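Taking it in order: structure first as structure tokens, then the write-up.
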Amino acid sequence: MKNELDKLYQTQILNEAKHPFHFEKRSDLHFNERAYNPLCGDRFDLYFNIEEEKITDFFFDGFGCTISKAATSFMIRQIEGQFTKKALEIVTLFIEAIENTGEIRDESLKVFEKTENFKGRIDCILLSWKTMQQLLEKN
Amino acid sequence: MVELSKLMLYLEIMFNPDHIKKNFTIFRHFPELIFVDNASTTQKPQVVIEAIKESYEKYNANIHRAVYDLGIHADENFKNTKKAILQYYNLEQLNYEIVFTAGTTDGINKIARGLEQEISEGDNIVVSEMEHHSNFLPWQELCIRRNATLRIIPITDSGELDLTCIDELIDDKTKIVSIVHISNTLGTINDIQKISKSAKNVSAHFFIDAAQSAALYKDSFANINATAIVFSGHKIFGPSGIGVIIGKSSFFSDLYPFNYGGGMVLEANKNMSIYKKDISKHEAGTPPLAQIAGLLETFHYLSAIDHKAAQNHLKQLAKIFRAKMNGLGIKCMGSPKEFSGIVSVDFGTIHPHDVATYLNSKNIAVRAGHHCTQLIMKKYDIPASVRFSFSIYNTEKDVEQIIQAIHEMRKYFA
């Protein structure tokens, strides 16, 4: 059982959750979108700007488990600085890979590739990713 | 009638958690399992599982509409289950009747729908801040539909209902008071006797959400004079997919039917149909027959348990758990004077799902989330908690193992 636990809480995930990227409340940024899972109470506020169709200055804060926090942090690393079209492509590819246990090409996201390690925690991985996908599709 | 072999089994139950554990097959399949998610659903004794299996194998036939032997047996089983439930709660002489539902949620929703015409603009319905969503949302929606007011008895910091304001909240415009007996999140045992008196003083209906108390607090209801008591089968060691409304005969008689279809109609006409007057007007369609067979066996099983000893056992486990958690400097939610075996915990910086996942790696099954009591979470200003809910097959050794696992978990996530 210890191995299964370590497969879920891989060092990379634990470190990312302990030291999340751009974890700061930034109400000054133009966009503020909430990622919320009412079943577990996880709630992240995503703050970012879009300038000339490019996502700039992406931050988040809020409450969530190790997995959802790390996954949100990884997402911000992935799409900050990207054009919105490219960001939507990245987000959609990742969600499809997780939901259909497909291949993840990006090295930094490969920690999530073996979804059998995340039984019952898929919603945690995808919480912010799905919120961002919906928002980018609307725009 | 209980068979002799089963009776012998039942006699072993008196009251030893280790013996009781042997009645539950799941622990034979998973001997290491420490199941403390009992407020969500309980495990099922083998006799209940056998009864369900037997009902399909030997007695499968529909009720009401058959004159052959199997059908007659199904009818008898249906009636006998209702009788056994009323006897179990000492309600058989007090003009109560029973309607089967799909569960507590279904039962409360059906009552709320059936009472629609009794609620007018300016009336009020009283619930508490401690309610499970199933005893909150149906009443909130009813109030919205009828322009009535929902009044909420607040919780104190210790996790008890603040009954000092009860006579202000319950007044002559109150038509319904519906209260949870035992909180599924805090474990608080509420003073339903006192609240019932206030409701009866203004001739309001008094409903009890007994989802967490129906199994082992059977003596709580006979002196309450409640309009109806609502609970589920699966939280009392019985089958899922079945629930019970025990209601006053006069209440069911006045209540508008909440489901329409086969078995409840006296005369179907092209323009307007006429419905039966008796309890069957609330029982449209085929009831869950196998679950009813399982429920009858559940009540046989429950009848053999020493309830006072069981209540003390749950209280003792919760007390030890709380004390040990305090020793670790971890905060349990509320500190009610009267409590059952349910304790919720705020682990601070360690997220409830991470706690639950870690404990799962130690074969400990707990629930993480808001437990369908978002008002309680808001009261304590937390998004979610971890709930430990003990039952008759849990032991002090289970508590020790849980505490040890929590100790190790804190190091893991440090």
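The values are calculated or read from the model by the stated rules, or taken from the named source; none is laboratory data. Keep in mind that what you see is a predicted model, and the values were worked out from it rather than measured. Don't worry about glycine lacking a Cβ; one is built from the backbone with ideal geometry, like all the others, and counts go over all protein chains shown. Accessible surface areas use protein heavy atoms only, side chains included; no ligands, DNA or RNA. Shrake-Rupley method; radii C 1.70, N 1.55, O 1.52, S 1.80 Å.
Selection of first residues in segment B:133-145 that are outside any helix (DSSP H, G or I) and of second residues that are open to solvent by less than 10 Å² (accessible area, probe 1.4 Å) and not acidic (D, E), restricted to Cβ pairs under 6 Å at least 6 apart or on distinct chains, gives the following pairs, ordered by first then second residue: B:F136/B:V127.
Rundown of residues vs (1) more than 26 Å from B:D75 (Cα to Cα); (2) in contact with a Gly (Cβ under 9 Å, 6 or more places away or on another chain); (3) at pLDDT 95 or above, yes/no style:
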site	(1), (2), (3)
B:F251	no, no, yes
B:P257	no, yes, no
B:G285	no, yes, no
B:Q291	no, yes, yes
B:F299	no, yes, yes
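Checking each residue of segment A:3-14 against the condition of being out of contact with any Phe, Trp or Tyr (no Cβ under 8 Å at 6 or more places or on another chain), within 14 Å of chain B (Cβ to nearest Cβ), over 20 Å from B:I350 (Cβ atoms) and open to solvent by 50 Å² or more (accessible area, probe 1.4 Å) gives at least one match. Taken over segment A:52-70, residues that are part of a strand (DSSP E or B) and more than 14 Å from chain B (Cβ to nearest Cβ) amount to 7. Take segment B:53-72 and flag every residue that is open to solvent by 60 Å² or more (accessible area, probe 1.4 Å) and part of a helix (DSSP H, G or I). Answer for segment B:53-72, where residues must be open to solvent by 60 Å² or more (accessible area, probe 1.4 Å) and part of a helix (DSSP H, G or I): B:K53, B:Y56, B:E57, B:K58, B:D69, B:L70, B:I72. Residues in segment A:17-37 that are within 14 Å of chain B (Cβ to nearest Cβ) and either under 14 Å from the mean Cα position of the chain (by Cα) or on the phi > 0 side of the Ramachandran plot (or both): A:A17, A:P20, A:F23, A:R34, A:A35, A:Y36, A:N37.
For segment A:122-131, the count of residues that are within 9 Å of the chain's Cα centre (by Cα), within 22 Å of B:P352 (Cβ to Cβ), charged (D, E, K, R) and more than 14 Å from chain B (Cβ to nearest Cβ) is nonzero. Taken over segment B:290-348, residues that are polar (S, T, N, Q), open to solvent by 50 Å² or more (accessible area, probe 1.4 Å) and not in a helix (DSSP H, G or I) amount to 1. Taking segment B:385-413 as the range and being outside any helix (DSSP H, G or I) and over 24 Å from B:K235 (Cα atoms) as the test, only B:F413 passes.
In segment B:368-400, of all residues being among the basic types (K, R), within 24 Å of the chain's Cα centre (by Cα) and surrounded by fewer than 22 Cβ atoms within 10 Å (Cβ to Cβ), the one that is farthest from the other protein chains (Cβ to nearest Cβ) corresponds to B:K379.
For segment A:38-51: of the residues being over 16 Å from the mean Cα position of the chain (by Cα) and open to solvent by less than 40 Å² (accessible area, probe 1.4 Å), which is farthest from the other protein chains (Cβ to nearest Cβ)? Per the criteria, the residue is A:N49. Note on segment B:147-227: enclosed strands (runs of 3 or more DSSP E) holding 3 or more residues that are open to solvent by 10 Å² or more (accessible area, probe 1.4 Å) and either touching a Leu at 6+ places or on another chain (Cβ under 9 Å) or closer than 25 Å to B:Y393 by Cα (or both) are B:149-153. Please verify whether B:F347 is among the hydrophobic types (A, V, I, L, M, F, W, C) and away from every other protein chain (no Cβ under 14 Å), treating the condition exactly as stated. It is false that B:F347 is among the hydrophobic types (A, V, I, L, M, F, W, C) and away from every other protein chain (no Cβ under 14 Å).
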